[in-house]
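Since the structure comes first, as structure tokens, the remarks are kept for the end.
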Amino acid sequence: MDKEMNYGSDYKYIPTTSIGSGVGIEVLPDLYSHTIQIVNICLVGKPGENDFVLVDAGMPNSSDEIISVIEERFGEISRPKAIILTHGHFDHVGAIIELVDHWEIPVYAHELEMPFLTGQMAYPEPDPTVEGGMVSKMSPMFPNEPINLGNHIKTLPSDGSVPHMPDFRWIHTPGHAPGHVSLFRKSDRALIAGDAFITVKQEYLYKVLTQEHEISGPPRYLTTDWAAAKNSVIKLAELKPAVAITGHGTPMTGELLTNSLEKLVTEFDTIAIPDYGKYVDENLH
Ligand SMILES: [Zn+2]
Ligand SMILES: [Zn+2]
């Protein structure tokens, strides 16, 4: 393995799953979402064209699964042109070092995520006291120490373009993480939202397990700036996406997406912001 890359000191396999684990959904001919345990990776590009990108890099220990999903869809020994990260949380970079080693491809993220991806700074500790269920309570076991991708990590271009995804633009959607981005394609209003909003209540083990389809704010135990998170959801709702792939939960489309996003914006304080938790500012309620 490339010696200049390493995971954080608290990196480990997380024993958690959902009924969606291992399931892939073709949302559009060139947009494919696959669930690794409890998180989604996204493949952007048409099968047969061998010009595609991987968005996010799954849970720890999932590189074999990600490689086989990709080879099944794009053919043996096919490899993405790049990996684009919505943000650097452990469940979005879990297999990234093995993948970069295997494919020798660049990784792109927002510049504000760089400290967490170059070994300089840990994310704030997950908050087990936040309002929510079992997943919140088990969140202290989630890795938050920085990983180091060395010179394989690059900053997203400042002009909003996304390398190897010519029709998409990145949109800064901070709150859940400082350099969180979402990816949007205007022509068909396709949105890759990351964890800016999600379609399952990620704090509750039962809802994660059953993947109950329900709009939600970003996962609570790792969200530190709720005012910014709210503005990010407002920004995404204004784009009026027709289809959304989120970091957690199943894809949401059409009227359900429009209505759910509208509801999330108007009722953000009650749906998304927890009643209590160490990153909750009393003034927000
Ligand atoms: Zn996250
Ligand atoms: Zn996540």
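Structure notes:
- Residues that are without any contact (Cβ under 8 Å) to a residue 60 or more places away in the chain and among the β-branched types (Val, Ile, Thr) do occur in segment 22-34.
- Of everything in segment 153-166 that is in a loop (DSSP other than H, G, I, E, B) and in contact with an Asp or Glu (Cβ under 9 Å, 6 or more places away or on another chain), the residue that is surrounded by the fewest Cβ atoms within 10 Å (Cβ to Cβ) is Ser158.
- Scanning segment 1-22 for residues that are open to solvent by 70 Å² or more (accessible area, probe 1.4 Å) and either under 18 Å from the mean Cα position of the chain (by Cα) or among the charged types (D, E, K, R) (or both) yields Lys3, Glu4, Lys12, Tyr13.
- Ile41 meets the stated requirement of being of a type in the set (A, V, I, L, M, F, W, C) and buried (at least 24 other Cβ atoms within 10 Å of the Cβ).
- Scanning segment 117-143 for residues that are under 20 Å from Gly217 (Cα atoms), in contact (Cβ under 8 Å) with a residue 24 or more places away in the chain and within 19 Å of the chain's Cα centre (by Cα) yields Tyr123, Pro124, Pro126, Asp127, Val135, Ser136, Ser139, Phe142.
- When we screen Glu145, Glu212 for residues that are open to solvent by 20 Å² or more (accessible area, probe 1.4 Å) and at pLDDT below 95, the only hit is Glu212.
The values are calculated or read from the model by the stated rules, or taken from the named source; none is laboratory data. Keep in mind that what you see is a predicted model, and the values were worked out from it rather than measured. Note that each Cβ is placed from the backbone with ideal geometry, even for glycine, and that neighbours are counted across all protein chains shown. Note: areas computed on protein heavy atoms with side chains; ligands, DNA, RNA excluded. Shrake-Rupley method; radii C 1.70, N 1.55, O 1.52, S 1.80 Å.
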